[in-house]
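To start, the structure itself, in structure tokens.
The values are calculated or read from the model by the stated rules, or taken from the named source; none is laboratory data. Owing to the predicted nature of the structure, the values given are computational and were not obtained by experimental measurement. When we count neighbours, we look across all protein chains shown, and the Cβ atoms used for this are built from the backbone with ideal geometry, even at glycine.
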Amino acid sequence: MGSTPENSRGFLVNCALTCKAFSNPALDLLWQDMADIRPLFRLFPAFAAERRTMISSDSDGLILNPDIDRFNQYAHRIRSFAPLSFNRIHIAGYLRILQECGRSCILPNLQILSLQNDWMSKLPMLTCSSLTSVEITIGSDGYIPYSPPFYAFIASVSSSTPNIHTLKLAATLTKPCLDGISQLSHLRKLHLDHRLPRSQKPLVVDIDWVLRLASLSCLQQLIIIGDLSHFANPQVPYCKLFRGSNFFKSLREPPLCG
């Protein structure tokens, strides 16, 4: 389920099964880091019976209050979610669970989220105010799909996830994206990899955005890669502003721009 070494996981499972005093701490450790969300969904009998590749909401089984309580007991334990495989749960399954639980986020205590490509449709259901670290990668091998959930998330990131201190994005960025990012007052690490489709012109960013970044007192690391290397005045590269500037005083090392 997570990144806990197998020998440690076996020990934790034994603790959870044999010692009541250690049960909750052991379960917290077993479930805190998840790379596959299917074990959580299969806590519901309505989903557990489905052994197909895609888990959906088509099962005839009912979801009862005890099932919801058990689901919440484990969902609240998950702090980090970084799926390693293709998303095999239909969006209808997420919507059904959220409706039954009466909330908008599947993992209400999630702090670290790392998603790629086909997971973007589930991004709204994995977004919660407790997030502190987000890494999103869209596109590979020259193909960069358009992702409305991604743009909606970034545009409202300062209000929906105001406590983010680490943000790493590899995608086609837009001005609303940059505006949303510059409002994250707790941001400490920012890594932007602007991936530009062949048919799209480079994104031109004015100096006001850079100055808003400069006002982020917590920002310690800044990496900008791709076609974000110039202001509205194409003769002034970002790095010239950073050299000898009184801004970005919290940066621990010179920003990487390329």
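Just a few scattered comments:
- Annotation note: of GLY258, GLY244, GLY226, the sole residue that is touching a strand residue (DSSP E or B) at 6+ places or on another chain (Cβ under 8 Å), at positive phi and modelled with pLDDT under 85 is GLY226.
- Residue match in the stretch 62-73 (condition: at pLDDT 90 or above, part of a helix (DSSP H, G or I) and buried (at least 16 other Cβ atoms within 10 Å of the Cβ)): yes
- The set of residues from the stretch 109-144 being among the β-branched types (Val, Ile, Thr) and in a loop (DSSP other than H, G, I, E, B) comprises THR127, THR132, ILE138, ILE144.
- Any chance ASP193 is touching a Gly at 6+ places or on another chain (Cβ under 7 Å), touching a residue at least 24 places away in the same chain (Cβ under 8 Å) and over 17 Å from LEU123 (Cα atoms): yes
- Taking the stretch 145-221 and the helices (runs of 4 or more DSSP H) fully enclosed by it, the elements with 1 or more residues that are within 18 Å of the chain's Cα centre (by Cα) and over 23 Å from SER104 (Cα atoms) are at 175-181.
- Checking each residue in the stretch 89-108 for being surrounded by fewer than 14 Cβ atoms within 10 Å (Cβ to Cβ), assigned to a helix (DSSP H, G or I) and either of a type in the set (Gly, Ala, Ser) or touching a strand residue (DSSP E or B) at 6+ places or on another chain (Cβ under 7 Å) (or both) picks out only ALA92.
- Close Cβ contacts (under 9 Å, 6 or more residues apart or on different chains) running from residues in the stretch 154-183 that are without any contact (Cβ under 8 Å) to a residue 24 or more places away in the chain and at positive phi to residues that are buried (at least 20 other Cβ atoms within 10 Å of the Cβ) and part of a helix (DSSP H, G or I) are absent.
- Pairs, first farther than 14 Å from HIS76 by Cα in the stretch 88-110, second small (Gly, Ala, Ser) and assigned to a loop (DSSP other than H, G, I, E, B), C-beta under 7 Å, six or more apart: HIS90/SER56; HIS90/SER57; ALA92/SER56; ALA92/SER57; GLY93/SER56; GLY93/SER57; ARG96/SER57
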